[in-house]
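Report on the structure given below.
Read the figures in this text as sums done on the coordinates, not as results from a lab. What you are looking at is a predicted structure, and each value in this text was computed from that prediction instead of being measured. So basically every Cβ, Gly included, is an ideal-geometry build from the backbone, and we count neighbours across all protein chains shown.
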Amino acid sequence: MIPTRAQPASPTAEQLWAAPMTSRPQITKQFESVSCDICGSSANEKVYDYEVRGVLISICRCLLCSCVYLNPRPRQSMLGEFYGNAYYSFSFDDSKLAPPVGFKDRLRLTVLRRHLGYDVIDPSLTVNAPWFVTAALRTSVAVPTFKSGGYLLDVGCGAGEKLMEFRSLGWKVRGIELSLAAAQAGAQRGIDIDVGPLDRVPYPENQFSAMTFYHSLEHLPSPTTALRAAYRLLEPGGQLLVVVPNFNSLERKIFGKNWGWMQVPIHFYHFTRPVLARAVLSAGFSLHSLGYSFSGQSIGGLAEGLLRPASIAVRRVAGPFGMLCALLGTGKALVAKARKPVDPRLPSRDIRES
């Protein structure tokens, strides 16, 4: 009988996680390498490195168009594991539906009523700010201009908090979301939310008056595909609103790879003003404004885990700091407002050329 050599046992999970990163090919099956979605180039340079589940992944900058993106990134089949069930937008926060009490909230409502057509807003909820101040904030307030009887679709709507607000402001609303649990939570509030990728749900062409991407475009595997789908689904003259973290913000430059809105590995793209403008224009839209939001909690999250006095101080500074950065042109989030041309034969309008 010929002796045989015993085959080595398969490594245990503990041994696999303890192995050097270069010897973990099984784990990399959770990730995929990609090229730049904006221009298609695979030439890039590393900006930041991270270790996720024992795998080295990087935020890279395209050497051709300067788009910043995650590479490698989680495969679509693995995204549920990285988001989990506790992701903030997958459930309702009833406190956000309460009447506004802060100055910043009331200032936002003033802009909506004065400049964006929302006459339904109670004047008692607004502030007596100079007209030129509120007019200057139009591009920073991430809300489309009101259209009576208009139909609005929010892409990546989570459980539909934004849609609840828009419905109260007079829009007919619908959402689309990849998370079934989030869609079910929205359904409990009477919000119609479809489940699936935007380019695969069979909406009729020219269906919507407005489409919004509130901090969702950066999560998608192909922003260009999503924007082209939005162009097809919007009626002529329909509005596109995109809000994404600003990679060139002062906050990101201060906190670097630890900035709160890096959100590795679920933020696939990190937009700058020129790259977002290029993506919107390439989809066929006319770009009407590209401003900076003064909302958001990208540094407010630093308050978590601090002692109470320090936590209160950070939260109080976060709001004014964000507003100051927006006014100085280095705000934490970009707000792009665009329209589908009424006549597609006309060239797209670029605000940077006006």
- Task: Find how much the distance from W131 to R53 grows on full extension, using 0.36 nm per residue of separation minus their present alpha carbon separation; answer in nm with one decimal.
- Result: 22.9 nm
- Task: Grab the beta carbon distance between S41 and L327, set R0 = 30 Å, and tell me the FRET efficiency rounded to 0.05.
- Result: 0.30
- Average projected area of the Cα convex hull of the stretch 105-188, in nm²? 5.9 nm²
- In this structure, among K46/K337; K172/K340; K46/K253, pairs with alpha-carbon gaps over 27 Å are K46/K337
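Need the full-extension length gain, V195 to A181, defined as separation in residues times 0.36 nm minus the C-alpha distance. One decimal, nm.
Working: separation 14, 0.36 × 14 = 5.04 nm, distance 0.97 nm.
Result for the pair: 4.1 nm of gain on full extension.
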- Query: F82 to Q188: extension gain in nm, 0.36 nm per residue of separation minus the Cα-Cα distance?
  - Reply: 35.7 nm
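In what sequence, highest mean first, do 117-126, 249-258 appear when ranked by Cβ atoms within 10 angstrom?
Numbers: 117-126: 13.0, 249-258: 15.4.
Result, highest mean Cβ count within 10 Å first: 249-258, 117-126.
Within a Cβ distance under 15 Å of L250, other residues only, what is the Lys/Arg minus Asp/Glu net charge? List each step's numbers first, then the result.
Numbers: positive: R252, K253, R273, K332; negative: E251.
With Lys, Arg at +1 and Asp, Glu at -1, the neighbours total +3.
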- Mind ordering 46-55, 280-289 by average Cβ neighbours within 10 Å, highest first? 280-289, 46-55
- Query: So, counting K/R as plus one and D/E as minus one, what does the shell of residues with Cβ under 14 Å around E205 add up to?
  - Reply: +1
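Under a Cβ-Cβ cut-off of 9 Å, what is the net charge of the residues other than G291 that fall near it, where Lys and Arg count +1 and Asp and Glu count -1? Before the final figure, lay out each step's value.
Details: positive: R138, K337; negative: none.
Neighbour charge sum, excluding G291 itself: +2.
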- Message: Can you compute the modelled spin-label distance between L64 and R167, with each label point 7 Å from Cα toward Cβ, in nm?
- Response: 4.4 nm
